[in-house]
1. Of the numbered conditions (1) surrounded by 14 or more Cβ atoms within 10 Å (Cβ to Cβ); (2) within 30 Å of Q160 (Cβ to Cβ), D320 satisfies every one except a single condition; which is it?
2. Out of all the residues in region 105-126, which are under 17 Å from K168 (Cβ atoms) and of a type in the set (V, I, T)?
3. How about region 13-52: which of its residues are loosely packed, with under 15 Cβ neighbours inside 10 Å, more than 25 Å from the chain's Cα centre (by Cα) and not polar (S, T, N, Q)?
4. Tell me, which helices (runs of 4 or more DSSP H) wholly within region 263-381 include 3 or more residues that are among the charged types (D, E, K, R)?
5. Name every residue in region 91-135 that is of a type in the set (S, T, N, Q), part of a loop (DSSP other than H, G, I, E, B) and over 23 Å from the mean Cα position of the chain (by Cα), in order of residue number.
6. Tally up the residues in region 43-55 that are over 19 Å from L244 (Cα atoms) and modelled with pLDDT of 90 or more, please.
7. Could you check region 218-247 and list, in sequence order, the residues that are in a strand (DSSP E or B), over 17 Å from V45 (Cα atoms) and either among the hydroxyl-bearing types (S, T, Y) or not assigned by TED's automatic domain parsing to the domain that holds L59 (or both)?
8. Does S466 count as closer than 25 Å to G305 by Cα and small (G, A, S)?
Amino acid sequence: MDGSAQTILELRNVTKGLYDISGRTISKDVIVLHSVNFEVRAGEVHILLGENGAGKSTLMKILCGAVPADSGQILLDGNEVRIDRPRKAHELGVSLIAQEFSLCPNLTVAQNMFLGREPVKGAMGTIDAATLEREAQRYLDRLKVDVDPAAKVQDLNVPQRQVVEIAKALSYNPRILVMDEPTAALADDQVDQLFAIIRELTHQGVSIIYISHRLNELHRVGDRVTVLRDGQTVGTVNVRDASLDTLIQMMVGRAIANMFPRDINEAGDAALEVVNLQRGRVLRDISLKVRCGEIVGLAGITGAGRTELARAIFGADPYDSGEVRVFGEVLQGGSPRNSVAHGIGLLPEDRQRHGLVALVSVADNIVHVAMGKMSTHGWLGHRIRRAVAAKFVKNLDMAVSSLDQDARFLSGGTQQKLVLAKWLCAQSKIFIFDEPTRGIDVGAKAAIHALMNEMAKQGAAILMISSELPEILGMSDRICVMNKGQIVAELPRGRTTSEEILGYAMGKHEVAPA
């Protein structure tokens with residue numbers, strides 16, 4: 001990007017107090033944004049960085065018309081504009097691609113892209129299917145991708161759905177495109193494709209506001225970065241001039257000495273053994289072992305079968321043959337209830353949908369799995385329940401306003417700690433972490449890593465699935481790599497590289513002996 005490029009968007013002194021789900025300010029004493037300033041130049045990728053709760057999402061909601069600011073200005077091409085609804089944002093050339101996909105799986109790509117805006121024909125106003133698919137294809141061609149506009153979204157993989165979201169946003173002909181955690185659901189090999197699309201868009205004159213917690217992406221995709229902390233602008237710097245340590249210190253107000261605080265422990269007896277597990281072509285003769293005091297990393301690209309393996313071990317999905325053993329005992333029946341009873345806890349990839357109950361309080365989320373062990377005749381007193389929950393909130397340093405706060409209002413990092421507290425309360429000994437730090441900020445990542453390290457020191461057995469290779473390399477005692485439903489390599493700590501892991505994950509190496 002040319003450093004002299006024209007500034008097309010300015011947010012000046014934007015302030016917002018605490019607001020409810022409708023966007024209405026309910027307290028100006030609690031400040032979410034305080035006099036935030038932010039600008040975007042033509043054709044640049046401007047990264048917006050900050051911890052969970054820093055105000056990034058609120059600022060973008062204001063820009064996109066979903067939430068009104070209490071004060072401040074929005075200027076496009078130097079002229080003040082009022083964006084009071086999403087449609088107005090689209091009219092002014094601002095589109096948002098949210099972190100969570102907003103597609104209807106049973107509709108086609110073209111139908112999703114123009115939902116509610118379909119071209120019509122004839123006196124009866126029937127949908128013109130041919131024009132619909134032709135227009136969808138036009139925007140897909142801009143991205144230089146091979147996605148069929150007539151395909152059902154439910155038949156697409158995650159990267160293809162990401163492409164559809166981008167094409168849908170492009171159908172509004174935006175000048176400014178907001179991407180919120182666009183690589184959160186992508187494996188490393190798929191990120192390259194997304195970055196190629198972003199470069200193509202900026203060459204076409206589109207400006208990108210890019211929100212991400214993956215600091216290793218910044219120098220690959222960004223031109224400038226603005227950091228928010230506690231609802232205020234810390235500063236804006238050129239990406240090429242900013243080290244990761246500098247950006248981290250700007251984000252959290254302190255240096256984080258060790259993102260991967262992994263102590264070397266003497267591994268104990270085998271806690272979890274998977275023996276010749278088979279499920280069609282999804283899981284193919286899988287065998288692995290996790291010992292007490294050990295973290296085993298499970299690496300692989302999207303579709304390799306990592307999450308399917310985790311669910312099979314936990315009993316959430318059936319398998320055709322093979323065994324899962326816990327401390328030498330074969331698990332019978334393959335059900336989550338049986339796995340919990342034998343001390344297995346699963347921290348799922350989608351913690352909001354499958355890891356916690358969003359509309360239930362912090363206290364109830366913590367104790368509900370352990371109720372059977374803790375209660376008398378199915379009853380657990382209110383005072384005991386709160387005392388138990390308070391202990392875990394304190395021990396895990398969870399940022400909650402009260403034990404009665406709904407889980408949906410917690411930050412991503414605190415939600416992950418809440419899911420972990422649930423399994424600790426249930427006295428689990430074996431933990432399956434599926435993407436433990438996906439979508440959480442750098443400070444929360446360091447905290448989760450420290451907790452995992454402490455758990456291993458105390459004898460827990462941890463199987464960790466991660467698409468972030470630095471996390472795999474930094475936290476694992478051993479690394480198992482999956483490709484097409486098989487474990488194709490087992491690599492020791494400290495004697496492998498990101499390139500070697502990715503090579504096995506993509507099928508570029510011969511299978512290594514275990």
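1. (1)
2. Scanning region 105-126 gives T108, V109.
3. Listed by number, the residues that qualify are R24, I26, K28, D29, V30.
4. Details: elements: 306-314, 336-341, 362-367, 371-374.
The qualifying helices (runs of 4 or more DSSP H) are 306-314.
5. If the condition is that a residue be of a type in the set (S, T, N, Q), part of a loop (DSSP other than H, G, I, E, B) and over 23 Å from the mean Cα position of the chain (by Cα), then N106 is the only one that fits.
6. As a first pass, look at region 43-55 and keep what is over 19 Å from L244 (Cα atoms): 43-44, 53, 55.
Remaining after also requiring modelled with pLDDT of 90 or more: 43-44.
Looking only at that region, the number is 2.
7. Listed by number, the list holds a single entry, T233.
8. Criteria met by S466.
The values are calculated or read from the model by the stated rules, or taken from the named source; none is laboratory data. Treat the numbers as computed from the prediction; the structure is a model and nothing was measured. Every residue, glycine among them, receives a Cβ derived from its backbone with ideal geometry; neighbour counts consider all protein chains shown.
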